[in-house]
Amino acid sequence: MPNPLTPQHPTASADSRMEALRAWLATAPGGLRADASSLQPASSDASFRRYFRVHAVAPQQTSWIVMDAPPAKEDIGPFMHVAALLRAGGISAPQVLASEARQGFILLSDLGSTTYLQALQDARAAGDLPRCHGLMLDALAALVRLQGIRAADLPAYDAQRLRTELELFSQWYVARHLGVEMTAQEQAGLSQVFETLLANNLAQPCVLVHRDYHSRNLMLLDAGREHGNPGVLDFQDAVIGPVTYDLASLLRDAYIAWPEEQQLDWAIRYWERARAAGLPVGDDFGAFYRDFEWMGLQRHLKVLGIFARLAHRDCKTGYLGDLPVVLAYARGVAARYRDFNPLLRLLDRLQGVVPQAAYTF
């Protein structure tokens with residue numbers, strides 16, 4: 001989940017890595033001569049990775065991106081493997097130009113500095129909804145291509161991974177962030193909700209899953225660049241998993257919210273494209289949309305936990321501002337399906353919401 005850098009005081013270890021990075025660039029990796037003095041922060045990451053933009057010695061208008069992934073914390077192998085898969089499948093992922101696995105450095109092609117988030121926000125602020133629609137259709141078309149890529153060697157998004165993610169909600173959002181101790185009844189109800197979600201998620205057909213296919217990881221490209229919009233970043237955690245996962249990431253984005261009728265319209269358009277491409281989305285859109293909502297709820301609960309953990313463990317408090325959007329998504333789904341009544345009751349207590357009595361005559 002890349003996020004624009006904010007000024008920080010570099011640690012001694014960071015300083016030593018910068019020295020090593022400049023020394024590596026001075027060797028002209030990949031035969032490319034970079035001006036190490038031009039290094040500037042490009043983005044940070046929710047992990048330990050950092051990204052820098054560096055300019056060529058000549059011509060100076062050429063720039064590249066350098067990834068700094070400390071080997072003790074990050075393995076650059078998955079990034080390079082998935083980048084190759086995506087590019088071969090017609091996705092505008094950055095090209096790996098050179099790498100140094102021992103030090104955790106990768107030199108990449110530069111997909112620019114304008115995220116989909118910025119482009120969509122600018123278009124919406126200007127009232128240019130057709131522009132928003134066009135960008136999102138490009139993202140949906142790219143997602144269909146991405147999901148058609150064969151990648152049997154990627155890890156499975158299995159029950160253990162999905163359950164571990166759900167538990168982040170209890171551990172980090174409820175207990176750590178809110179400081180709430182759940183009752184035994186609430187714990188049992190939440191466990192029941194988790195098992196219901198997992199059964200649905202694991203029953204869905206599987207494809208390649210990016211895992212963070214949203215507006216901060218998609219880049220606006222110049223006309224004619226790569227395979228067209230969007231440029232796709234932050235794909236190193238890709239897995240084989242439920243077909244609705246990345247669609248939920250995109251349409252129920254933590255960073256930009258769309259009216260539900262617009263989400264539905266885009267979901268239908270995706271489903272039609274996916275069916276035409278032979279993806280395993282089924283012939284019943286109603287059943288597909290239910291899977292989309294249930295998969296989205298798993299992700300929303302995970303993200304609530306991750307954002308809380310980023311704030312309290314990693315001191316990245318900027319993510320707390322995005323909690324209300326994610327919480328609204330979770331409440332919306334929990335309120336629509338009887339299976340999730342225990343979760344809705346818990347959310348009511350956590351938010352201080354008094355349930356409204358309903359009467360029938």
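The values are calculated or read from the model by the stated rules, or taken from the named source; none is laboratory data. Note that the structure is predicted; figures quoted are calculated from it, not measured. Quick reminder, even Gly has a Cβ in these numbers, built from the backbone with ideal geometry, and neighbours come from all protein chains shown. Surface accessibility is based on the protein's heavy atoms, side chains included, excluding ligands, DNA and RNA. Shrake-Rupley method; radii C 1.70, N 1.55, O 1.52, S 1.80 Å.
Across segment 98-132, the number of residues qualifying as in contact with a Gly (Cβ under 6 Å, 6 or more places away or on another chain) and either open to solvent by 50 Å² or more (accessible area, probe 1.4 Å) or assigned to a loop (DSSP other than H, G, I, E, B) (or both) comes to 1. Residue-level check: of (1) assigned to a loop (DSSP other than H, G, I, E, B); (2) of a type outside the set (D, E, K, R); (3) free of Cβ contacts under 8 Å to residues at least 40 places away in the same chain, A175 misses just (1).
Looking at this structure, is H300 surrounded by fewer than 16 Cβ atoms within 10 Å (Cβ to Cβ), in contact (Cβ under 8 Å) with a residue 12 or more places away in the chain, of a type outside the set (A, V, I, L, M, F, W, C) and within 23 Å of E181 (Cβ to Cβ)? Talk me through it step by step, then tell me what you get.
On the way: surrounded by fewer than 16 Cβ atoms within 10 Å (Cβ to Cβ): no; in contact (Cβ under 8 Å) with a residue 12 or more places away in the chain: yes; of a type outside the set (A, V, I, L, M, F, W, C): yes; within 23 Å of E181 (Cβ to Cβ): yes.
No.
Please indicate, with yes or no, whether at least one residue in segment 341-353 is among the acidic types (D, E), surrounded by 14 or more Cβ atoms within 10 Å (Cβ to Cβ) and touching a helix residue (DSSP H, G or I) at 6+ places or on another chain (Cβ under 8 Å). For segment 341-353, residues among the acidic types (D, E), surrounded by 14 or more Cβ atoms within 10 Å (Cβ to Cβ) and touching a helix residue (DSSP H, G or I) at 6+ places or on another chain (Cβ under 8 Å): absent. Filtering segment 276-323 to residues that are of a type in the set (D, E) and in a helix (DSSP H, G or I) leaves D291, E293, D322. Only a single criterion out of (1) within 24 Å of L208 (Cβ to Cβ); (2) touching a Phe, Trp or Tyr at 6+ places or on another chain (Cβ under 9 Å) is not satisfied by D75, namely (2). Inspection of segment 201-215 identifies no residue that is touching a strand residue (DSSP E or B) at 6+ places or on another chain (Cβ under 9 Å), acidic (D, E) and modelled with pLDDT of 95 or more. Quick check on segment 6-47: of everything there that is part of a loop (DSSP other than H, G, I, E, B) and at pLDDT 80 or above, which residue is most open to solvent (accessible area, probe 1.4 Å)? Restricting to residues being part of a loop (DSSP other than H, G, I, E, B) and at pLDDT 80 or above, the top hit is R33. Can you name the residue in segment 138-153 that is assigned to a loop (DSSP other than H, G, I, E, B) and open to solvent by 20 Å² or more (accessible area, probe 1.4 Å) and, of all such residues, is nearest to A277 (Cα to Cα)? For segment 138-153, the residue satisfying everything is G148.
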